[in-house]
Amino acid sequence: MMTGSPDRDHIVAQVCAVGDTWTAQDLFAKGEPFDLSPIDGLEDGDVVLVALGPGGARALERLARAGSALAGLYELLAERQVDPFFPASVRLEVEALLASPGLDDPALIDLEHLPFVTIDNASSRDLDQALFIQRGAASLRAPGEEAGEAADRGQGDATVQSGGGPGYTVFYALADAAYYVRPGTALWREAQRRGASFYLPGVVAPMLPKALSEGIVSLNAEVPRRALVFLIRLDEQGARAQTEIAQARVRSRAKLTYDGVQALHDDPCGSPLTERPWTESLMLLGEVGKKRLALSEARDVVQFNRVSSEIGFTDDEGSAFEARLDVRNDIERWNEQISLLCNMEGARFMSADADPHVQPIYRVHPFPEGRDLERLSAQIDALVAARGLDPAVWRWPLDGDGPRESLARFVERLPADEASARVRQAIERQAMITIAPSSFTDVRGPHFGIGAEQYARFSAPMREIVGIFTHKEALEKLHGPSPEADNAADEALREQVIEAGNRSKGLQRELTKAVHHRLMDQLFADDLQLPVERRPARVGTVLGVRSSRLYVQLDDPPMEIKVYAEDLAALDGAPPTTNDSRTILTRATGAAIKIGDAVHLRVDGRDPTTGRWLILPQ
């Protein structure tokens, strides 16, 4: 967990008024309540941003109303010491950077004439990436120029050489956070302490202060910005042909959304994005995205039909949670392919011609081990037998030490009709948990999840400390190390960055899980207020069976919950049993619950000691 900084002068506190005196308590440091100069409209329990100074503590703004779901999220952040605000030493450095953003740096290639755009969620403010795609070949080099010379040219000499011909050229601009956040600074220390930005509904605890992450570093529309630009040439099939990397100055033309660009593809004549300087680039995103997806299928990348929920609030004040089905559109998938391509090319660049002065960080995703594949195959066999399914359709037999067909091909050919949807969902869930998670490491290795021989994280430089470090090392490879560079210090720093990157990934998963638990608490507390006969029976799919519990994915909202064997034992008078393959749970009543079954669940109460919900099948 993160620990508080010693120079905090802006804190998140909870109001606790006593009589005529306003007081508050620091949510992060706890301790005794302190006197507070309030603002109009404050109430007991409100969460506020407080400025501490010689004149005492002064409320600046209300962050969340007392008792709201949003207030609970600030408490959740405080429990894990994830502070949305920054110490004074960091803010002082930010002020200096705002005064001198480095846009006149003669090392920057001038690419402001290219119609880059950002494509993101409507609510996103920290814009890491902008893209522009053109048909045919292009280069940042002058004819006959060597690879490193383009990056060293002055901005006045820079041009984009367009050669025409078949294929595509992808220009992918990444925010140049490494220029602003440098080792040894307070900004770097705070970014490394956090490891990443953390996202909750309605709340972001950024890795970098908003003046950077939503300001001078973010690739906002119609303003010049520093960027690390990947120029990637693709052939007609969308396969990589050649890559160039350079520092540049860019100007995004627009902040676009996934839904808006999708509407352009669905109805070009009715879209406000048609006949714009970037319209052809957006249409080419569809061409390139489809071809990159086809290539990923050829690499046997598993395309799971993931079902997830987007958790938001019922109103602007975050009074209560609401969950909606999160459905990805084509634009998100195509845009993701460009990001993955950039990260694969970044890893290729860092690993080529090993340079002892460069310390790469890779993201490695190991292939499933043989015994895990054997377990999955055996479980699928048992499920096929238990449900009386057609073995020719549903089995995934192994041949010797490996699968007879890839996991990707198996998942792809599973029936997708409505009658088969729950069984397919359960099999995919079992396959997902067979695959170990990815992690950051200094050792180059394959990434199973995207079918890449090597992979690095270049595309999130404002949201991951690994991204900043990776950019820093890439620039050293481009230009050579600075005279003051210390190889041993960089190797030690790399170890710290890897630790911070892996830790922050785990913390984000923990926070996401905690938010889902709070949504579940709200959902079932509301159910419990109703008479038993009026409580909704919520439908879900049995994804997994263990001796102690069932794992169920609800249809609405789409979140995973657990049904505990001890609760079934209390209801039935005897504990349930499970078969050896963990595909069937048999209740004492004789009723069998199989993986892939649809079940109807109703809340029956809550354990006053553990706080665990009692959820029972109907």
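Nothing in this text is a laboratory measurement; each read-out follows from the coordinates by a stated rule. These figures come from a predicted structure and were not determined experimentally. Note that we place each Cβ from the backbone using ideal geometry, even for glycine, and neighbour counts take in every protein chain shown.
Along the Cα-to-C-beta direction of Arg375, a point sits 7 Å from the Cα; which residues of region 418-442 have their amide N less than 11 Å from that point?
433-436
Going by Cα centres, region 200-264 and region 77-102 are how many Å apart?
Taking the Cα centre of each part, region 200-264 and region 77-102 sit 22 Å apart.
Using the Cα centre as the reference, give the magnitude of the dipole from point charges on the C-beta atoms of region 307-381 (Lys, Arg: +1; Asp, Glu: -1; all else neutral), rounded to the nearest 20 debye.
Its charge dipole is roughly 380 debye.
Is region 530-617 best put as rounded, prolate or oblate by its Cα gyration tensor, with a ≥ b ≥ c the root eigenvalues, rounded for a/c under 1.5, and otherwise prolate when a/b is larger than b/c, oblate when not?
Because a/c hits 1.5 or more and a/b fails to exceed b/c, region 530-617 counts as oblate.
In straight Cα distance, which lysines are under 29 Å from Lys513, not counting same-chain residues fewer than 8 positions off?
By straight Cα distance, Lys513 reaches Lys30, Lys210, Lys505, Lys562, Lys594.
If we count other beta carbons within 10 Å of each Cβ, what is the order of Ser218, Ser37, Ser271, fewest first?
With the fewest neighbours first, Ser218, Ser37, Ser271 line up as Ser37, Ser271, Ser218.
Mind jotting down the distance between the C-alpha centroids of region 17-73 and region 511-556, whole Å?
If you average the Cα positions of each part, the centres end up 34 Å apart.
About the Cα centre of the chain, what is the dipole size in debye to 20, counting +1 per Lys and Arg Cβ and -1 per Asp and Glu Cβ, all else neutral?
So the dipole magnitude of the chain works out to roughly 1340 debye.
Taking neighbour counts of Cβ atoms within 10 Å as a proxy for exposure, in what order, fewest first, do Val393, Val50, Val515 appear?
Fewest-to-most ranking of Val393, Val50, Val515: Val393, Val515, Val50.
Please identify the helices of the chain, taking whole runs of DSSP H, that span at least 18 Å along their own axis as judged from the Cα atoms and have a mean Kyte-Doolittle score of -0.5 or higher. Don't jump to the answer; show the numbers that get you there.
Working: long enough: 279-298 (29 Å, 0.14); 330-351 (32 Å, -0.40); 370-387 (26 Å, -0.08); 421-434 (20 Å, -0.30); 465-479 (21 Å, 0.21); 487-528 (61 Å, -0.69).
Those that clear 18 Å and a mean of -0.5 are 279-298, 330-351, 370-387, 421-434, 465-479.
Taking the Cα centre of region 10-85 as origin, sum charge times position over the Cβ atoms of Lys and Arg (+1) and Asp and Glu (-1), and report the length of that vector in debye to the nearest 20.
200 debye
Which residue, chosen from Leu140, Ala452, Ala436, occupies the Cα position most advanced towards the positive end of the dipole of the chain, where the dipole is computed from +1 (Lys, Arg) and -1 (Asp, Glu) charges on Cβ about the Cα centre?
Farthest towards the positive pole: Ala436.
Using 7 Å Cα-to-Cβ label points, what is the Glu317/Glu222 separation (nm, one decimal)?
Simple spin-label model gives 3.5 nm for this pair.
Please arrange Cys342, Cys16, Cys269 by counting, for each residue, the other beta carbons lying within 10 Å of its beta carbon, fewest first.
Cys269, Cys16, Cys342
Choose one of Leu285, Ala205, Pro84: the residue whose Cα lies farthest towards the positive end of the charge dipole of the chain (beta-carbon charges +1 Lys, Arg; -1 Asp, Glu; about the Cα centre).
Of the options given, the answer is Leu285.
According to the Kirkwood expression over distinct Cα-Cα pairs, how big is the hydrodynamic radius of region 10-85, in Å?
One decimal place: 12.2 Å for the Kirkwood radius.
Return the loop-located trypsin sites (Lys or Arg not before Pro) in region 29-82 (DSSP other than H, G, I, E, B) with at most 10 other Cβ atoms within 10 Å of their own Cβ; answer none if there are none.
Hits after loop and neighbour filter: nothing returned.
Apply the Karplus curve 6.51 cos²θ - 1.76 cosθ + 1.60, θ = phi - 60°, to the phi angles in region 208-219 and return the couplings in whole Hz, x for Gly and Pro.
Taking θ as phi minus 60°, the curve returns 10, x, 4, 4, 9, 5, 10, x, 6, 8, 5, 7 Hz for region 208-219.
What does DSSP give for the chain in terms of the percent of beta bridges that are antiparallel, rounded to the nearest 5?
Bridges in the chain are about 90 percent antiparallel.
Given a cut-off of under 8 Å on Cα pairs at least six residues apart, what relative contact order in percent is computed for region 530-617?
28 percent.
Pick out, from Tyr172, Trp22, Ile427, the residue whose Cα sits farthest towards the positive end of the charge dipole of the chain, with +1 on the Cβ of Lys and Arg and -1 on the Cβ of Asp and Glu.
Positive-end residue among those listed: Ile427.
Starting from the Cα-Cα distance between Lys290 and Ala416, subtract it from 0.36 nm times their residue separation and give me the gain in nm to one decimal.
Values: separation 126, 0.36 × 126 = 45.36 nm, distance 2.08 nm.
Going from the current span to full extension adds 43.3 nm.
Given Cα pairs under 8 Å that are at least 6 residues apart, what percent is the relative contact order of the chain?
Relative CO of the chain lands at 12 percent.
Let me have the 222 nm mean residue ellipticity of the chain computed from DSSP H runs of 4+ only, each contributing -39500 (n - 2.57), with the sum over all residues rounded to the nearest 500.
That calculation yields -10500 deg cm²/dmol at 222 nm.
Starting with the highest mean, order 492-498, 115-121, 236-242 by the number of other Cβ atoms within 10 Å, averaged over the residues of each peptide.
115-121, 492-498, 236-242
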